[in-house]
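Asker: The structure that follows is given in the form of structure tokens.
The values are calculated or read from the model by the stated rules, or taken from the named source; none is laboratory data. Given the structure is predicted, the values throughout are model-derived calculations rather than measurements. Every residue, glycine among them, receives a Cβ derived from its backbone with ideal geometry; neighbour counts consider all protein chains shown. Remember, those area values only see protein heavy atoms, side chains included, never the ligands or the DNA or RNA. Shrake-Rupley method; radii C 1.70, N 1.55, O 1.52, S 1.80 Å.
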Amino acid sequence: MIPLHVHSYYTLLKGTARIEELIEAARKNHLSSLALTDTNGMYGLIPFAKSASENGIKPILGCVIDQPNDESVYAILLARNNSGYEDICKIITSRKLNDNFDLESLISQPLENLYIITPSIKLLKKAGQRHNVFAELILTERNKKDARILFAYLTENKIRYAATNPVYFLNAGDYELHKAVSAIRLNKNLDNLSDEDIVDSEFYFKDNRDLEKMFAKVSDAFKNSEYIASDCNVDLHLKEYKFPIFATPDGKDSYSLLWEKCFEGLNRRYSPVTDAAVNRLNMEIQVIKEMNFVDYFLVVWDIVKEAKKRGMVTIGRGSAANSIVSYCLGLTDVDPIKYDLYFERFLNKGRSSPPDVDIDFSWKERDEIVKYVFDKYGYENVAMISTTVTFKARSAFREIAKAYGLTNEEISKYSKFIPWTDARNLTNLSVMFPEAKALNFKIEPWKSIINLASRLAGFPRHLSIHPGGIIITPKPITTYTALEYAKNKGLGLIITQPDMYSIEDLGLVKIDLLSQRSLGVLRDTLDTIQRNS
């Protein structure tokens, strides 16, 4: 049987199974396919698709969408094809950004490129009898009563059903960790958690023998699950670049415009123009053309040109400074020929990850130029990139201790001696760090707290905003990925759900528009000199 309802630890503070653990469990069970269906998110979908494919397992890409203010009413959505994947990106984005999102209204739409699986009779009535709609059949001890009611309705109305055993944690022994992260998510003590706050203790990754035994009386459910899995085929074309499109004036093609602007800059930068400079520029432009980076360079040139037009202080840095194209376009101010800098460090045909250009702006002016990018290239095609904030030793310790009901005063007596290190090191603090030698974690509840906290190592805690990363896409961003508000929704900042590494795997090329206080100080200094001269 193919698990069709699997959560990873990317279902923030709910699921606890790491993607690499899920892939390994699938391999041990000789599964040819595996689904990932995190709740209202695709945070882990790209690393999952990449890892599954590398391990010879077909990734089934999906999500669980729940009804706002009632997470017990939900539907599993699985992408049948690439259009289905795009539908999932759009649906998740709507769920995150639209205050009026309604799951019932969504389910009533055809959604031909998705499979819809739900245990909700209300949603099944809304969906009607369609070839892509199945009831979710869960047969655990805790779910017996609901399953009996659902099965009677399905039999009476001749609705097909698919077997699932939702996976929120890898092994039965991980249930305590699931309860702990649920307490953190809900800001509750472990002792105060209700059945509605935590999932069924049977929701772990079972082997095929256990599942066959569980669904022995409804073998059709197995067959339907396998049919659904076989019909889900998505190819994300990972690592194939999806470049922004630069609208050229007067119908001129991008390559001709780049050539023109580069040679204008060459005559401005070099006097006299040398053969070495011309040859170097010709070589770089050809590589840029062959690797389809022409529009990308023009977009960055346009941003810098606009910033200078507005009198902003700006400078390019990083490996882009190795490029004479960058130098001639005014993106950087370092002569790569004079300083013998190698273009190949920035861009070469053997590079596995896309390069990006880092442009610094004054911290007072950076938001203005970011707004220009959104306005010019369209709010549907521009987004800031997220970064995933994970648990480290001290934050993991504090949160688990709070879940145990300890006060801030009690926690601080210990946490102030915990160094800024990986949470995995919590069980060996007194050995690894002199400042922690006096800590005694061998007595309860500290022993249990430390053991659980160490298992939170690397767990996503929340999304934040990348310091400067921004993407501009050729089609609407929701063609490629889902969006949501940054942590402080009131600011109205929208970010990608996948982080920088997943964005790169998707082939989206970021531009770094960075905020520098030193450039702000420089601008203030120059203004002061001008006023007083």
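Asker: Run the dipole for the chain about the Cα centre, Lys and Arg Cβ at +1, Asp and Glu Cβ at -1, nothing else charged, and hand back the magnitude in debye, nearest 20.
Answerer: Numbers: 68 positive and 69 negative charges, 140 e Å.
Rounded to the nearest 20 debye, it is 680 debye.
Asker: With every protein chain left in place, what is the accessible area of Glu260 in Å² (1.4 Å probe, nearest 10)?
Answerer: 60 Å²
Asker: Which of the GluC sites (Glu not before Pro) found in segment 51-128 are loop residues per DSSP with 16 or fewer other Cβ atoms within 10 Å of their Cβ?
Answerer: Hits after loop and neighbour filter: Glu112.
Asker: Suppose we keep just the DSSP beta bridges with both residues in the chain; what percent of those would be antiparallel, to 5?
Answerer: 55 percent
Asker: Let me make sure I get this right: for segment 412-528, a, b and c are the square roots of the gyration tensor eigenvalues over alpha carbons, sorted descending. Under 1.5 in a/c it's rounded, otherwise prolate if a/b > b/c, else oblate. Which is it? Walk me through the numbers before you get to the answer.
Answerer: On the way: a/c = 3.00, a/b = 1.67, b/c = 1.80.
Oblate, because a/c is 1.5 or more while a/b does not exceed b/c.
Asker: Taking amide H positions as placed 1.01 Å from N in the peptide plane, with prolines and chain starts having none, which residues 5 or more places from Val167, or on another chain, fall under 5 Å of its amide H?
Answerer: The answer is His5, Val6, His7.
Asker: Here is a follow-up. Where Lys and Arg each count +1 and Asp and Glu each count -1, what net charge lies around Ser194 among other residues with Cβ under 14 Å from its Cβ?
Answerer: Taking every Cβ under 14 Å from that of Ser194, the sum is -2.
Asker: How far, in degrees from 0 to 90, does helix 275-290 lean away from the longest principal axis of the Cα atoms of the chain, to the nearest 10?
Answerer: 20 degrees
Asker: Return one number: the angle in degrees, 0 to 90 and rounded to the nearest 10, between the long axis of the Cα atoms of helix 219-230 and the longest principal axis of the Cα atoms of the chain.
Answerer: 10 degrees
Asker: For segment 122-191, what % of the accessible area comes from carbon and sulfur atoms, probe 1.4 Å?
Answerer: Carbon-and-sulfur percentage of accessible area, whole number: 49.
Asker: Now for a separate question. Determine the dipole magnitude for segment 380-533: charges of +1 sit on the beta-carbon of Lys and Arg, -1 on that of Asp and Glu, nothing else is charged, the reference point is the Cα centre, and the result goes in debye to the nearest 20.
Answerer: Around 500 debye, computed over segment 380-533.
Asker: Summing Lys, Arg as +1 and Asp, Glu as -1, what charge do residues with Cβ under 10 Å from the Cβ of Asn113 carry, Asn113 excluded? Walk me through the numbers on the way to the answer.
Answerer: Working: positive: Arg80; negative: Glu86, Asp87, Glu112.
Combined, the nearby Lys, Arg, Asp and Glu give -2.
Asker: While we're here: Within segment 369-444, report the trypsin sites (Lys or Arg not before Pro) that DSSP leaves as loop and that have at most 12 other Cβ atoms within 10 Å.
Answerer: Taking segment 369-444 and a limit of 12 other Cβ atoms within 10 Å, the loop trypsin sites (Lys or Arg not before Pro) found are Lys416, Lys437, Lys442.
Asker: If you wrap segment 131-205's Cα atoms in a convex hull and average its projection over all directions, what's the area in nm²?
Answerer: The number I arrive at for segment 131-205 is 6.1 nm².
Asker: In debye, nearest 20, what is the charge dipole magnitude of segment 355-422 about its Cα centre with +1 on Lys and Arg Cβ and -1 on Asp and Glu Cβ, if you could check? Each step should come with its number before you reach the end.
Answerer: Working: 10 positive and 12 negative charges, 100 e Å.
Roughly 480 debye, rounded to the nearest 20.
Asker: Over what distance in Å are the Cα centres of segment 442-489 and segment 354-428 separated?
Answerer: One Cα centre to the other: 8 Å.
Asker: Right, next: So how do Asp356, Asp38 rank on accessible area, 1.4 Å probe, biggest first, that is with the largest at the start?
Answerer: Asp356, Asp38
Asker: Provide the per residue accessible area, probe 1.4 Å, for segment 416-533, rounded to a whole number of square angstrom. The partial results should precede the final answer.
Answerer: Numbers: 5920 Å² over 118 residues.
That works out to 50 Å² for each residue.
Asker: First check a/c for segment 334-439, with a ≥ b ≥ c the square roots of the eigenvalues of its C-alpha gyration tensor; if it is under 1.5, answer rounded, and if not, answer prolate when a/b is larger than b/c or oblate otherwise.
Answerer: Judged from the Cα gyration tensor, segment 334-439 comes out prolate (a/c at least 1.5, a/b above b/c).
Asker: Over 5 Å intervals from 0, what percent of Cα-Cα pairs in segment 194-275 sits in each interval?
Answerer: Pair shares across the bins are 3, 9, 9, 9, 8, 8, 7, 5, 5, 4, 4, 6, 8, 6, 5, 2, 1, 0.
Asker: Can you show me the helix-derived [θ] at 222 nm for the chain, built from DSSP H runs with n ≥ 4 at -39,500 (n - 2.57) apiece and divided by the number of residues, rounded to the nearest 500.
Answerer: -12000 deg cm²/dmol
Asker: Something else now. Considering the dipole of the chain built from charges on the beta carbon (Lys and Arg +1, Asp and Glu -1) around the Cα centre, which of Ser83, Pro59, Phe361 is farthest to its positive end?
Answerer: Checked the options; the winner is Phe361.
Asker: Next up: Mean separation of Cα pairs under 8 Å and 6+ residues apart, divided by the residue count of the chain: what relative contact order is that in percent?
Answerer: Relative contact order of the chain: 16 percent.
Asker: If you count only protein heavy atoms and use a 1.4 Å probe, how large is the accessible surface of Thr314, to the nearest 10 Å²?
Answerer: Its heavy atoms expose roughly 20 Å² to the probe.
Asker: Would you tally the net charge around Ile385, using a Cβ to Cβ cut-off of less than 12 Å, leaving Ile385 out, and scoring K and R as +1, D and E as -1?
Answerer: -3
Asker: Still on this structure, please answer the following. Loop only per DSSP, at most 14 neighbouring Cβ atoms within 10 Å: give me the chymotrypsin sites (Phe, Trp or Tyr not before Pro) in segment 356-392, ordered by residue number. Walk me through the numbers on the way to the answer.
Answerer: On the way: sites: Phe361, Trp363, Tyr372, Phe374, Tyr377, Tyr379, Phe391; in loops: Trp363, Tyr379, Phe391.
Answer in residue order: Tyr379.
Asker: Return the inverse of the average 1/r over all pairs of distinct C-alpha atoms in the chain, which is the Kirkwood hydrodynamic radius, in Å to one decimal. Could you put the intermediate results ahead of the total?
Answerer: Values: mean 1/r = 0.0384 Å⁻¹.
About 26.1 Å, per the Kirkwood formula over Cα pairs.
Asker: Sticking with this structure for a sec: Ordering Lys305, Lys28, Lys364 by accessible area with a probe of 1.4 Å, largest first, what comes out?
Answerer: The residues order as Lys28, Lys364, Lys305, largest area first.
Asker: Projected onto the charge dipole of segment 187-323 (+1 at Lys/Arg Cβ, -1 at Asp/Glu Cβ, origin at the Cα centre), which of Thr248, Thr274, His237 gives the Cα projection farthest towards the positive end?
Answerer: Thr274
Asker: Just to verify a number: what accessible area does Thr248 come out at with the full protein assembly present, 1.4 Å probe, Å² rounded to tens?
Answerer: Accessible surface of Thr248 is approximately 40 Å².
Asker: With every protein chain kept in the model, how would you rank His237, His466 by accessible area, 1.4 Å probe, largest at the top?
Answerer: Details: His237 75, His466 30 Å².
In descending accessible area the options line up as His237, His466.
Asker: Okay, next question. Explain nothing, just the number: relative contact order of segment 290-336, from Cα pairs under 8 Å at least 6 residues apart, as a whole percent.
Answerer: 31 percent
Asker: Using alpha carbons only, how many degrees (0 to 90, rounded to 10) separate the axis of helix 517-532 from the longest principal axis of the chain?
Answerer: Tilt of helix 517-532: around 40 degrees.
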